[in-house]
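For reference, the structure is listed below as structure tokens.
The values are calculated or read from the model by the stated rules, or taken from the named source; none is laboratory data. Note that the coordinates shown come from a computational prediction; the quantities given were computed from them, not determined experimentally. Ideal geometry is used to build each Cβ from the backbone, glycine not excepted, and the neighbour counts take in all protein chains shown. Surface accessibility is based on the protein's heavy atoms, side chains included, excluding ligands, DNA and RNA. Shrake-Rupley method; radii C 1.70, N 1.55, O 1.52, S 1.80 Å.
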Amino acid sequence: MTTCSRIAPARLRKSWLATSLALAFLGPTCFAEAPGRLTSDALPATPLIACDPYFSVWSTGKTLTEVDTTHWTGKPHRLMCLALVDGKPFRLMGSEPSDVSALPQAGSQITLTQTRYKFAGEGLEISLAFTTPALPFDIDVLSRPITYVTAEAKATDGRKHEVRLYWEASSELCVNTPTQSVVASRSNGNGVAALKVGSVDQPVLESQGDDLRIDWGYLYLAAPAKESTSLLLGKPAELRRSFSQGSPLPERDAEESSRADELSLAIAFDLGQVGQDGATAWLVAAYDDLFSIEFMGTPLKPYWRRNGLDAEGLLAEAVRDRDKLLAACDAFDRELGADLLAAGGSDFAAIATAAYRQCFAAGKFVADANGQPIQFCKENHSNGCIGTSDVFYPMAPQFLLFGSSLAKSFVVPFMEYAASDRWKFPFAPHDLGTYPKANGQVYGGGERSEENQMPVEESGNLLILMAAIAQIDGNADFAGRYWPQLTQWAQYLRKEGFDPANQLCTDDFAGHMAHNVNLSAKAICGLGSYALLCEMRGDDQRAAEYRAVAEEFANRWVSEASDGGQYRLAFDRAGTWSQKYNLAWDRILGLNLFSDEVLAKEVAHYLRVQNKYGLPLDNRKSYTKLDWILWTATLAENREDFEALVRPVAVFLRETPDRSPMTDWYDTISGKKVGFTARPVVGGVFMQLLRDQASWQKWAERDVTRADDYAPLPRMPKTESRVASADTKSVPWRYATTRPGDDWQSEDFDDSSWQVGRSGFGTPGTPGARIGTIWDSSEIWLRRTFDLAEPIDDTLRLHVHHDEDVEIYVNGVLAARRNGHVNDYQHYRIRPEALQALRPRDNVLAVHCRQSTGGQYVDVGFCSIVNE
């Protein structure tokens, strides 16, 4: 087996910069040069801003003016761009104002880090470029929540034209719902002109769930301070109308407490007389979330903030570094694009290009207590879990390709949790919580039972990934940090892995299945990986022992899973088949447990049974997983077969009727999305590049972060119950399920006609619920009185379990409002004005909860944080 050798960080940095600058001299990537010629027509949605699960804006139109831009969840996150050409207005981005004509779109191009659009008309050519500097070698750069927007205009008719440009961002980008209140301001210092907007409430890290957007932190638009640049705050329609009519623009200093959908930030650029030499204007969009992730009750800062940098400093660095970063992005896009083309052809290059930003934008890099980078991925539109093993396992190839710092970043928090006394099972966990709160597994049985766990799946995942990291490092030192856990999981797979019991695998939407042949292949590769790690650690005896077990299991697998022209879905199901995507690691890690004939037999069968839009996951249904098809394709030993398996996926992306960021779960006959949107698992399409050890080594050696010395798992804060909730003691409440009067939350409201029930309120089967009273209607209103002993101070928290949206009042004052659902009790900060309204005796607690889908539950009490 060939391993990647380590080289000194200084040499790595020089190598990366030298390559970037050398390629940058070739000039910026032009529309005709993109590997795979990926355009907006070839994708169901195009990324514009792609930084993390919250700062993520997409266009779902075939042209940029066809529709308004959205967050990946589909909710409005509107960006607009207008041009005034010789006094005549045109739209370049967005569907509004509808009475302003769109300048015809003449082309588009998506590269790995950039999205470009070209418009032509009125004797002009105007281009818009969105560049997210997702450069993977330096996590300090990769973690920056910034996107550059560059506009270039030049005359094409030999004349000069008066050109002004207007770029607008709605305050929707900093709230979960458009009715939330925001405040905005402007500043001008250090040569940077900036606009800032954020929610009034700033509930930092207090909401968790899937279909949610951020409602804390601040959105920024910034540009170099110039007389020709105007910073604008105001109502969107009024700002656009003033610009379109050439009227004076209102340059206000601040806007207080507006609804988010009624306030926009905008920057207007006066390019003057534009001729054939052209003119350029640019800005940077940034988001400072202050704290990004809660890990075991501890708020963690974004990685870029680890050394004290604040938003002002971030913007200054972004402005300072723009030219260097754009040149590096051009160079990176060109070099990696060429490698993708060489490795798998134009369709493969196009799919990987589409996946690249989406993968990184579905997670967040934060700093641990030692300032080291750790990354938490989000299960976008599948259940909102954070740090999920069977999500980062498929996304891993994109991270592994660029070095061990990236690969370790998502493994460390998971392994620290698995090694703690919080995790009591002999197999690996599934997840770390619900994004952005990584406070312990919530899926299936959570930390409480083995119900609906994925023991073989998750244990195999981590053993394989640890071996891949060791291959990059050239040693197994990192695995040694967690050796007791890895050994325990290898022992588990030795006992339970070959013929798995009735359990879930990563494809949990397909339900439980016993004797899963593909899951068995993962266990076998996991055991081979453990043997490899033992060998690298110098434990030859154990290496030989586990190698022998893996070989024995592989031989049995070939015999017992064989079903004529293919290998079965389950050992006991004749006439079945499935994708054996887990076998990809056999060649990549040099395990060589399965023969070429086994892989060739499988690939030949896949080519016979695939449909118009790809290879089904197995024989049961026509749906598939995009990431797994690309893994399965790497089993092909010739380019023709690889491209034949990949090509239908590219056709799917071009022809699917569902306009949303790339899904990984779709139907291979209809081309329709089944579920899942914008998930990080699409990083798995880079698996083919890991097959070429020389190419993998070339990219991995450019890692300049060289992460090490990770902090241990944070200690969960201890709490003390102050006002009982159902998890400590069921107590009586008055409740109503039809809307009461408008003052239902006030202290003196008469609730004597309401029903009486004991906490908590909901339906059986809701995760984490302790049912005292059945509540199965769409809404419920609750009231109770309580006493509260001293101290009443800022250590006091609301102790809440809600499914779904909840608003809580104390003594008539709003204490908290949260959207979405949680799976167990959470601790929420109390609004300062509500905290001040509390007293030792005769307090009134009033609660309203809404139900929309799935389970439902609500319960509220109070607790104190003992050791934050």
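Before moving on, here are some points about what is shown:
- Listing of strands (runs of 3 or more DSSP E) fully contained in region 110-205 that carry 1 or more residues being over 18 Å from residue 314 (Cα atoms), free of Cβ contacts under 8 Å to residues at least 40 places away in the same chain and in contact with a Lys or Arg (Cβ under 9 Å, 6 or more places away or on another chain): 124-131
Rundown of residues vs (1) within 19 Å of residue 369 (Cβ to Cβ); (2) part of a strand (DSSP E or B); (3) open to solvent by 10 Å² or more (accessible area, probe 1.4 Å), yes/no style:
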position	(1), (2), (3)
258	no, yes, yes
261	no, no, yes
268	no, yes, no
272	no, yes, yes
282	no, yes, yes
291	yes, no, yes
299	yes, yes, yes
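Here's the yes/no breakdown for (1) part of a loop (DSSP other than H, G, I, E, B); (2) open to solvent by less than 10 Å² (accessible area, probe 1.4 Å); (3) among the hydrophobic types (A, V, I, L, M, F, W, C):
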{"residue": "450", "(1), (2), (3)": "yes, no, no"}
{"residue": "469", "(1), (2), (3)": "no, yes, yes"}
{"residue": "491", "(1), (2), (3)": "no, no, no"}
{"residue": "520", "(1), (2), (3)": "no, yes, no"}
{"residue": "529", "(1), (2), (3)": "no, yes, no"}
{"residue": "542", "(1), (2), (3)": "no, no, no"}
{"residue": "547", "(1), (2), (3)": "no, no, no"}
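- Annotation note: of 328, 342, 338, the sole residue that is part of a helix (DSSP H, G or I) and under 16 Å from residue 133 (Cβ atoms) is 328.
- All of 698, 672 fail the test of being free of Cβ contacts under 8 Å to residues at least 12 places away in the same chain and open to solvent by 20 Å² or more (accessible area, probe 1.4 Å), apart from 698.
- Single residue of 508, 539 found to be more than 29 Å from residue 623 (Cα to Cα) and not aromatic (Phe, Trp, Tyr): 539
- For residue 403, the requirement of being buried (at least 24 other Cβ atoms within 10 Å of the Cβ), at pLDDT 95 or above and over 23 Å from residue 45 (Cβ atoms) is met.
- Taking first residues from region 526-539 that are touching a residue at least 24 places away in the same chain (Cβ under 8 Å) and partners that are among the hydroxyl-bearing types (Ser, Thr, Tyr) and assigned to a helix (DSSP H, G or I), the Cβ contacts under 6 Å between residues at least 6 apart in sequence or on separate chains come to 527/546; 530/546.
- The set of residues in region 187-223 that are at pLDDT 95 or above, more than 30 Å from residue 804 (Cβ to Cβ) and not aliphatic (A, V, I, L, M) comprises 196, 220.
- Count of region 779-791 residues which are at pLDDT 95 or above and either open to solvent by less than 70 Å² (accessible area, probe 1.4 Å) or hydrophobic (A, V, I, L, M, F, W, C) (or both): 8
- For residue 319, the conditions (1) over 30 Å from residue 205 (Cα atoms); (2) open to solvent by 10 Å² or more (accessible area, probe 1.4 Å) all hold with the exception of (1).
- Any chance residue 217 is out of contact with any Asp or Glu (no Cβ under 6 Å at 6 or more places or on another chain) and farther than 18 Å from residue 69 by Cβ: no
- Screening residue 856 with (1) touching a Leu at 6+ places or on another chain (Cβ under 7 Å); (2) over 21 Å from residue 213 (Cβ atoms); (3) buried (at least 18 other Cβ atoms within 10 Å of the Cβ); (4) not β-branched (Val, Ile, Thr) gives one miss only, at (1).
- Within region 498-518, one or more residues are of a type outside the set (Lys, Arg), surrounded by fewer than 16 Cβ atoms within 10 Å (Cβ to Cβ) and in a helix (DSSP H, G or I).
- Of the residues making up region 750-774, those that are among the hydrophobic types (A, V, I, L, M, F, W, C) and closer than 22 Å to residue 862 by Cα are 756, 761, 769, 771.
Table: residues versus (1) over 30 Å from residue 139 (Cα atoms); (2) modelled with pLDDT under 95.
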{"position": "236", "(1), (2)": "yes, no"}
{"position": "251", "(1), (2)": "yes, yes"}
{"position": "261", "(1), (2)": "yes, no"}
{"position": "273", "(1), (2)": "yes, no"}
{"position": "276", "(1), (2)": "yes, no"}
{"position": "287", "(1), (2)": "no, no"}
{"position": "290", "(1), (2)": "no, no"}
{"position": "311", "(1), (2)": "no, no"}
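- Residue count for region 368-393, restricted to those that are in contact with a Lys or Arg (Cβ under 8 Å, 6 or more places away or on another chain) and either assigned to a helix (DSSP H, G or I) or open to solvent by 10 Å² or more (accessible area, probe 1.4 Å) (or both): 5.
- Here the condition is being in contact with a His (Cβ under 8 Å, 6 or more places away or on another chain) and either open to solvent by less than 30 Å² (accessible area, probe 1.4 Å) or not in a strand (DSSP E or B) (or both); of 744, 733, it holds for 744 alone.
- Exactly one residue among 700, 707 is among the aliphatic types (A, V, I, L, M), touching a Cys at 6+ places or on another chain (Cβ under 8 Å) and under 30 Å from residue 628 (Cα atoms), and that residue is 700.
- Qualifying residue in region 82-99 (condition: under 26 Å from the mean Cα position of the chain (by Cα) and open to solvent by 10 Å² or more (accessible area, probe 1.4 Å)): no
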